[in-house]
Structures are given as structure tokens and as C-alpha cells.
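Student: One structure, pasted below without further comment.
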Amino acid sequence: MTDRKTELADNLARVEERISSACAAAGRARDEVTLIVVTKIYPASDVRLLAELGVRHVAENRDQDAAPKAAECADLPLTWHFVGQLQTNKVRSVVSYADVVHSVDRDRLVTALSAAAVRAGRELDCLIQVALDAESGERGDRGGVAPDGVAALADGLAAAEGLRPAGLMTVAPLAGPFAGRPRAAFDRLLEISTGMRAAHPAANMVSAGMSADLDDAVAAGATHVRVGSAVLGVRPRLG
């Protein structure tokens with residue numbers, strides 16, 4: 001193997017051990033948790049190496065990084081996730097490659113995603129991003145809808161052509177009552193998820209946890225963890 005492939009394989013093995021250990025401690029089966037590797041500033045060549053190493057779910061948080069990378073890797077058996085804050089002017093591009101959007105947080109975005117999905121002839125899984133630092137009716141600084149806005153947004157997704165309400169996503173908040181308490185934040189997300197599934201039983205994805213706090217997310221019941229630096233390493237953005 002190349003040096004880079006060896007590095008990625010070693011990092012993946014360490015992350016896999018963390019997920020497996022967290023599942024065992026929580027009494028969960030390992031196959032209940034899907035690893036999504038967030039490739040961000042890393043090149044398409046890394047995505048190819050990850051695919052060779054068995055990764056099947058990759059994510060991006062910026063369309064300008066994601067679109068060319070997804071096009072270059074279109075031959076690979078990958079599921080593409082978009083996990084960043086999404087502006088409506090980027091929706092048409094994102095719908096062209098993303099299989100799952102994790103950051104739905106407003107009605108206007110639902111409308112734009114639906115129109116783009118219908119135009120592209122695609123069905124898109126959508127997660128509602130929950131801002132656990134947001135007050136009633138507000139959006140969080142890092143995107144997301146306040147918990148009391150989830151039900152209405154889920155109903156909107158269910159009614160939108162070309163979209164499916166697939167579950168919830170959150171980022172451990174930096175402010176508010178859950179700041180510095182990722183496990184408590186993820187437990188709260190699971191409570192909200194239970195309420196959402198009462199109306200939308202198929203919306204069972206819970207996307208929570210990143211490199212620093214994936215263990216807490218697995219313990220709380222997350223179905224998907226989004227891991228970047230623990231797999232790919234840390235390096236400054238060029239340019």
C-alpha cells in the first residue's frame with residue numbers, strides 16, 4: 001500500500017475500534033451504526049483510497065468542494081451526504097450528487113430541494129438539523145431549527161415531492177444548556193427523534209457525533225456518525 005493508504009487504513013482501524021467499543025458498552029450491535037467519512041478539503045484521490053478500504057459513505061459540507069469531487073468519483077459505489085449549511089442557490093448542484101442532505105432547517109429550503117429533486121428525477125433523503133442552542137422559533141448560529149420547529153418541518157418534508165423525511169441531525173452546541181455536554185445533547189436529540197417517528201415512522205436516522213464526541217453519540221443511540229479529522233488527519237486549508 002502507499003504511505004497515504006496505510007495512514008488512512010490505520011486511522012480507519014482506530015475509529016472502527018472506537019465505534020465497536022462504544023457499541024459494546026451500550027449493548028448495541030456494531031451494524032446499528034454507519035460511519036460517514038467527511039472528506040472536506042481532502043482530494044478525490046483520498047476518496048478513492050477510502051473506497052478501496054471499504055468506506056461506502058462520504059460527506060462534504062461545501063458544495064464547491066463536493067461537486068467536482070463527486071463528479072470525479074462518480075464511478076465508485078458511494079453514498080454521498082451533504083452535511084453543511086445549505087444556501088438555496090446551491091440546492092440544484094447539491095441535488096445532482098447528494099443522496100442524503102443532513103442540514104434541512106427551514107421551509108424555503110424544503111421548497112427549493114423539492115423543486116430541484118423533481119427537475120432531476122431524484123428521490124432525496126433529508127434530515128432535519130436540530131439546533132439545541134436555539135430558542136423557540138429561532139435558528140442556531142451553526143444552522144438548524146429549534147426543537148419545537150421539528151414537527152412542522154417534518155410534515156413539510158413528507159408532503160414535498162421528491163423528498164423523504166429520513167431523520168434528524170445535530171452538532172454538539174457551543175452555547176446554551178448543552179454546551180460542553182455532548183452526551184446530554186445527543187440524548188435530547190434521541191428524545192426529539194422518538195417524537196418525530198410517531199408521525200413519520202420511517203424517519204429513523206439519527207446523525208450525531210464527530211471525531212471528538214462519536215463515542216457519546218453512539219452511547220446515546222446515534223445511527224450515523226460523521227468523522228473527518230480522525231480518519232483523514234488535520235491540515236490547514238490551502239489558498
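The values are calculated or read from the model by the stated rules, or taken from the named source; none is laboratory data. As the structure is a computational prediction, the values presented were derived from the model and not from experiment. For neighbour counting, all protein chains shown are included, and Cβ atoms are generated from backbone atoms with ideal geometry for every residue, glycine included. Accessible surface areas use protein heavy atoms only, side chains included; no ligands, DNA or RNA. Shrake-Rupley method; radii C 1.70, N 1.55, O 1.52, S 1.80 Å.
Student: For the peptides 200-207, 20-27, what is the packing order when you average, over each peptide's residues, the other Cβ atoms within 10 Å and list the highest mean first?
Tutor: So the order, starting with the most tightly packed, is 200-207, 20-27.
Student: If I histogram all Cα-Cα distances within segment 1-80 using bins 10 Å wide from 0, what percent of pairs lands in each bin?
Tutor: 17, 45, 29, 8, 0
Student: Additional query: Please report the antiparallel percentage of DSSP beta bridges with both residues in the chain, rounded to the nearest 5.
Tutor: 5
Student: Any idea of the accessible area per residue across the chain, 1.4 Å probe, to the nearest Å²?
Tutor: 45
Student: Non-local amide H neighbours of His57 (under 5 Å, H modeled in plane, Pro and chain starts lacking H): which ones?
Tutor: Answer set, sorted by chain and number: Val37, Thr79.
Student: Could you tell me which of Pro182, Leu132, Val234 has its Cα farthest along the dipole of segment 121-239 towards the positive end, charges placed at Cβ (Lys, Arg +1; Asp, Glu -1), taken about the Cα centre?
Tutor: Working it through, the farthest residue towards the positive pole turns out to be Val234.
Student: What is the diffusion coefficient of segment 112-239 in µm²/s, taking the Kirkwood radius over Cα pairs and the Stokes-Einstein relation at 10 °C with a viscosity of 1.306 mPa s?
Tutor: 103
Student: Next question. Projected onto the charge dipole of the chain (+1 at Lys/Arg Cβ, -1 at Asp/Glu Cβ, origin at the Cα centre), which of Met1, Pro147, Pro173 gives the Cα projection farthest towards the positive end?
Tutor: Met1
Student: Quick one: putting +1 on the C-beta of Lys and Arg, -1 on the C-beta of Asp and Glu, what dipole do you get for the chain around its Cα centre, in Debye to the nearest 20?
Tutor: 340
Student: Here's something else I'd like to know. Points 7 angstrom from Cα along the Cβ direction at Arg14 and Gln85: gap in nanometres?
Tutor: Each label point is offset 7 Å from its Cα along the Cβ direction, giving 3.1 nm.
Student: Another question, then. What is the Rg over Rh value, at two decimals, for the chain, using alpha-carbon atoms and the Kirkwood definition of Rh?
Tutor: Result: Rg/Rh = 0.95.
Student: Given a 1.4 angstrom probe, I'd like the percentage of the accessible area of segment 62-117 that is carbon and sulfur, rounded to a whole number.
Tutor: Summing carbon and sulfur atoms, their accessible area is 46 percent of the total for segment 62-117.
Student: Another question, if that's okay. Among Ala59, Ala175, Ala146, which one shows the highest mean-square fluctuation when the chain is modelled as a Gaussian network with alpha-carbon springs under 10 Å?
Tutor: Largest GNM mean-square fluctuation: Ala175.
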